[in-house]
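Comments concern the structure below.
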Amino acid sequence: MERPTQQQASPAGDAPSPAGDATRALNGHRDGAARKPEVGAPSSAVVDGWREERTRSVEDNEMSLPSIAAAYTTILRGLGEDPQRQGLLKTPWRAATAMQFFTKGYQEKIIDVLNDAIFDEDHDEMVIVKDIDMFSMCEHHLVPIFGRVHIGYLPNKRVLGLSKLARIVEIYSRRLQVQERLTKQIAVAITEALQPAGVGVVIEATHMCMVMRGVQKMNSKTVTSTMLGVFREDPKTRDEFLTLIRS
């Protein structure tokens, strides 16, 4: 499904709207229509999803691998190829294994990686980890999305091991995704784990569904953001975060 192309944007050039939309997509899958601002904390459905989200096990991988490989064989035939020629003999198996790796986030739960990395600490200044590499798969076309994630939060007597922020990104990005949902899932997971004063997440990414097909805009980027707590309510806090991730 194709969408109109918009001009490239960045965190530096996107001032928060007066309504304070929690999530903005400046390019890519959305058509640019205004969204109603969200009010209050994340819904209980989102929170429950954070705690009970593992949908695939290692055993599931082993059981489903033959059927996924068979599906790739059918795709090759449908494309006019001969799955029995030398260069393609092992391609269905390789592709099936690769797809399971690309979506390995379904095998993990955020709560499992965070339990031993939350520490009591009397620190009340902003914590930022920026330029986290991100790779995902567009759920509309099954082609790659890749880019960078910037995360900031304002602690409330508890901090998270820095590497765990990257792990959160890895778990949610290694699933079939749209960038808007990915951005919010990361922010909600940090909020539920730490109960901080606020969280900000910005993702800048390239969507191969816009580069390799459709409008074929080589230099287009999608920028999305989610602001929760004081990052959403206080313009000064939000501006400090956006300034720091640009520096």
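The values are calculated or read from the model by the stated rules, or taken from the named source; none is laboratory data. Keep in mind the model is a prediction, meaning the values are calculated, not measured. Every residue, glycine as well, gets a Cβ built from its backbone with ideal geometry; the counts of neighbours run over all protein chains shown.
So the values come out like this:
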{"quantity": "Sole residue being of a type outside the set (Asp, Glu), surrounded by 15 or more Cβ atoms within 10 Å (Cβ to Cβ) and more than 22 Å from Thr243 (Cβ to Cβ), chosen from Ile186, Ile168", "calculated": "Ile168"}
{"quantity": "Near pairs, Cβ below 8 angstrom, 6+ apart or cross-chain, from region 89-103 (closer than 19 Å to Tyr172 by Cβ) to any residue that is modelled with pLDDT of 95 or more and hydrophobic (A, V, I, L, M, F, W, C)", "calculated": "Met99/Ile68; Gln100/Leu65; Gln100/Ile68; Phe102/Phe135; Phe102/Met137; Thr103/Met137; Thr103/Leu176"}
{"quantity": "Filtered residues of region 172-181 (kept if buried (at least 23 other Cβ atoms within 10 Å of the Cβ) and either more than 17 Å from Met227 (Cβ to Cβ) or in contact with a helix residue (DSSP H, G or I) (Cβ under 7 Å, 6 or more places away or on another chain) (or both))", "calculated": "Tyr172, Ser173"}
{"quantity": "One residue from Arg181, Arg175, Arg238 being on the phi < 0 side of the Ramachandran plot, more than 11 Å from the chain's Cα centre (by Cα) and basic (Lys, Arg)", "calculated": "Arg238"}
{"quantity": "Given (1) under 23 Å from Pro155 (Cβ atoms); (2) touching a residue at least 60 places away in the same chain (Cβ under 8 Å); (3) among the β-branched types (Val, Ile, Thr), number of the condition Val199 does not satisfy", "calculated": "(2)"}
{"quantity": "Sole exception among (1) surrounded by 13 or more Cβ atoms within 10 Å (Cβ to Cβ); (2) in a loop (DSSP other than H, G, I, E, B); (3) modelled with pLDDT of 95 or more for Gln84, by number", "calculated": "(1)"}
